[in-house]
Structure formats: C-alpha cells, structure tokens
1. Looking at the range 309-334, which of its residues are buried (at least 24 other Cβ atoms within 10 Å of the Cβ) and farther than 16 Å from Phe423 by Cβ?
2. Look at the range 214-255 and say how many of its residues are within 11 Å of the ligand (Cβ to nearest atom) and either among the charged types (D, E, K, R) or surrounded by fewer than 19 Cβ atoms within 10 Å (Cβ to Cβ) (or both).
3. Does Ser115 count as under 18 Å from Phe280 (Cα atoms), among the hydroxyl-bearing types (Ser, Thr, Tyr) and surrounded by fewer than 23 Cβ atoms within 10 Å (Cβ to Cβ)?
4. Residue check, Asn385 against (1) touching a residue at least 60 places away in the same chain (Cβ under 8 Å); (2) out of contact with any helix residue (DSSP H, G or I) (no Cβ under 7 Å at 6 or more places or on another chain); (3) not in a helix (DSSP H, G or I), all met but one. Which one?
5. If we scan the range 322-345, do we find a residue that is at pLDDT below 95, within 15 Å of the ligand (Cβ to nearest atom) and among the acidic types (Asp, Glu)?
6. From Gln198, Gln108, grab the single residue that is open to solvent by 40 Å² or more (accessible area, probe 1.4 Å), farther than 21 Å from Val8 by Cβ and in the same structural domain as Met25 (by TED's automatic domain parsing).
7. State whether the residues of the range 142-151 include one that is touching a residue at least 24 places away in the same chain (Cβ under 8 Å) and under 23 Å from Thr11 (Cα atoms).
8. For Thr337, only one of the following conditions fails: (1) under 23 Å from Pro90 (Cβ atoms); (2) in a loop (DSSP other than H, G, I, E, B); (3) open to solvent by 10 Å² or more (accessible area, probe 1.4 Å). What is its number?
Amino acid sequence: MYFQNIIVFGTGYVGLVASACFANMGKSVVCTDNCIEKINALENHQIPIDEPQLPELLENAVKNQQLLFTINPEEYFEQADFFIIAVGTPSLADGSCDTSSVFAVAKQIGEKIVSSKVIIIKSTVPVGTGEQVENIVKAELQKRAIYDIEIFIVSNPEFLKEGSAIDDFLKPERIIIGVQCQEAYLKMKDLYKPLLDQGYQIIPMSIRSAELAKYAANAMLSMRISFMNEMSYLCEKAGANIEEIRLAIGSDMRIGKYFLKAGIGYGGSCFPKDNKALEFLGKKYDVPLSLISATIEANKNQQKIFLNKIIDFFEGGLNEKKISILGVAFKPNTNDTRHSPGLYFANELLKKGAHISLFDPLVTTKENNICLLKQETQNRFEISNSIENCTQNSSAIVLCTEWEEFQNLDFDFLSKNMCQKLFFDGRNQYTKKHAEKYGFTYISVGRP
Ligand code: UGA
C-alpha cells in the first residue's frame, strides 16, 4: 500500500470524524473548512462538537503530524490522492437538499488540480449529485484546457450516529462504495484497507444507488420510530402497553429489536432533513412516497400529543408555573440540539406563559439555539447547572432525553424540592408505580 494523502472538506460530524479516523489509520490528512473561526478553534484544540473519543483521536493525530487544519487547502492539492467532501447539506425552504456547498467544493477542486484524483462524496446528497460534481470538476478542467487527467467520482455515504460516531466509523456495519469503474473501486479498497483487514466489508454499487441508500436507511429507521409512536397512542387509548408490544414484535427476527422505542418523536439534524429531501425527490420523479410523508406527519403529531398532555394537566393555565425540562440534546451523549424535542417543549410552554428551567449534562448557554431562546424570553427561561436547581420549586418535570444522569433520579429529594409533584416522562425511563410511591402523578408514552 502506498502512503495516502487525503483532504477532507468540512469540519462537522462527518468531516471531523473521518479526518480523525483516517489519520489514526496512518494516513496523512488535511482537514479544511471555509469558516475561518472553526479552523482557528481547531488549531487551538477547541472541538466544536461533543463526541466521545473524538478529542483524543484528534489530539493524537495532530501530535503525530498525521493531521493538520487549514483554511487554505490548495497548497496540498497536488500531493493529495483522495478528496473527501463532507460539507453540510441543509434543507432549503421547499424541503429539498441544498447541495451548494458540495458544488462549491467541486469547483474549488476543479480549479486547481492538475493530476488524476479520487473525489469522494460523503455528505448526504440527492441522487444524481455525483454526476453533477463530475460535470463541475470537468468544466473547470476544460477552462484550463486540461483534458487528459482521470477523475474518479465515488459516493461513500456515512452512516455514523452522533454519540457513537467514532465506533460507527471504525467498526462499520457496512461501507457503501458507489463507483462507475473498477479502478475507482480498487482505489477505495486501498483507502479502507485497515478496516477490510479487520474483516469489515465493502458493499460496491452504482453511484446513484449509494446516494439513495443513505436516504433509504434513514427513512426506514425513522419510519419504524414513527410507527411505534403511532402505536403508542393507540396503546394509551386501547389500554395496551407499548413496551410490551415492542418486546413482542422486536423478538421476531424479521422485524428486529432496534429503533422501536416510542417516545416524543425523533430529532437531530438527519432524520428530519433527510426525510424532507426524500419526499422532495419523490415529487421530482413523480413517485408518491406516502410512507415518508406519513412518517414526517406522525413525528409532528407525536410531539403535539405529548405537549397537550402537559397543557391539559394545567387546566388553570401555565402562567407563573415553573416547568423543569430534563435534557435538551436530541439524544444522549451529544450537545446537539437540532430538532430537539426538549427545545420544542421549552418553546411551546414558554408561549403558554410558563417559566422554563432546563438542565442538560452537555448543553450550555453557549449553544446557539439556547442563546436565542434566552434572548427572546429574558427572565422566563434559565439553564440550570444542576438537577437540584432545575427542579427547585418547580411544578413539573418533563424528561426529554434519556441521559444516564436521569436514570436514577432521587424521587424522594425531588418530591421535597418541587412545589407540585408531576412527572412527564417522554422517554419511559420510570414506572408509574415507582413515581407514585413518592407521591408523583406520572405520565409517560403509550403505557396505561
Ligand atoms: C441517524 C442514523 O441513525 C445514522 O445511521 C445516520 O448516519 C445519521 O442519522 C445521519 O444521517 O448522519 P443520529 O441522527 O445521530 O443518526 O441519531 P439516531 O441515534 O438515529 O437517533 C435519531 C432520533 O431518533 C433521536 O431523536 C432518537 O431519540 C430517536 N429514536 C431513536 C427514537 O425515538 N426511538 C428509537 O428507537 C431510536
């Protein structure tokens, strides 16, 4: 194997994790972003995301001179064999995927390279983006009258989950490689050799299939969650228990036990955005994707149903009531609050006049979403530094994220610390019996 040089574009979850992991596999990685503040921060060892193992891997790679951050990657283009595009692809107003950052990187590459390169698209992008990237790069080459170099476009979608991103990258359940020729496939096998040597498998396919596979995976996972969320409401009405239903159906090998937990709706940066983009893609090709639309709708409903349980409980209104929200990260082990149910409840309850006190083990006031909320609501919103402060003189707890810190709450203490004993458990972490032992009224999801 020859010594491989990689340039990674993007310092979000995918870009940073790929940079850290490839560098620790012994490759030479240059990681870049068009945001100078992000690059400056990374050069000063400040990592913008909280992800287990990431700081250690980045630190190690930088120390061993396997990784550097720069705002000017062009000077490294000629030595580089692989260009990995891992920039953001947010939703546009119509729900479609904004690929402008991907295309900007393609142009930047095309403007400068003078020899054959592999261009890997890791960002989640709609079907056909690979071809568009190839066209952009080739058009730039033509402008410089370069016709004789080969460009290998690869779709290599990333399936990592926030909170376990490093493990997902280094112990992948699958490595999807979309290519249009055998030579590109062999180059990708070389890139992933350290993982293939450990027995991990590449699944080769066409670029278009690889692009769609990523959306299909997220759609399937979120569809399962929405299905269980709809079932949970039926359970409540019909006197059944969603946890029992989950065990019953999850033990069927054909169904499998994962991603069947009902709750207060899925959040995060991926499922909401990717489902909208997939729905848009269906419209573009005139293919009705009714299940995707229903999944999106069911997710919204699930949050509203739980919100109404809280509002309905306070018949006299929420004015002056202090409500404690436990967990505002969209799931445990991350400080990401994008599309977070906790933030949704905070916002909606504030609109009803409540005072919100919020505690999350990782999310701080520095986080953008929180900063905004604080500015808008002034003294009716606070972010607490402990569960104790968060629940002091509070009328209700709303548990929104299943952090380990919330799994053994001291109910005896809470019952004395709060002025009203109400527990809304959006993640079914406790039982009615347990909460009632301490005098709490307990409301959860899909259980009698
Ligand atoms: C998701 C996918 O799981 C990854 O495979 C994919 O690579 C990633 O999106 C992406 O596209 O980049 P992530 O958004 O990090 O990963 O988080 P998940 O662990 O999938 O959780 C998403 C949401 O579903 C969370 O709000 C979680 O609380 C919720 N969820 C998950 C449930 O409500 N029930 C479940 O049973 C599982």
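The values are calculated or read from the model by the stated rules, or taken from the named source; none is laboratory data. Remember, it's a predicted structure, so these values are computed and weren't measured experimentally. All Cβ positions, glycine included, derive from the backbone under ideal geometry; neighbour counts span all protein chains shown. The area values use the complete protein model at the heavy-atom level, side chains included, leaving out ligands, DNA and RNA. Shrake-Rupley method; radii C 1.70, N 1.55, O 1.52, S 1.80 Å.
1. Residues satisfying the conditions are Val328, Ala329, Phe330, Thr334.
2. 8
3. Considered against the rule, which asks whether it is under 18 Å from Phe280 (Cα atoms), among the hydroxyl-bearing types (Ser, Thr, Tyr) and surrounded by fewer than 23 Cβ atoms within 10 Å (Cβ to Cβ), Ser115 comes out as no.
4. (1)
5. Yes: one or more hits.
6. Going through Gln198, Gln108 in turn, just one is open to solvent by 40 Å² or more (accessible area, probe 1.4 Å), farther than 21 Å from Val8 by Cβ and in the same structural domain as Met25 (by TED's automatic domain parsing): Gln198.
7. no
8. (3)
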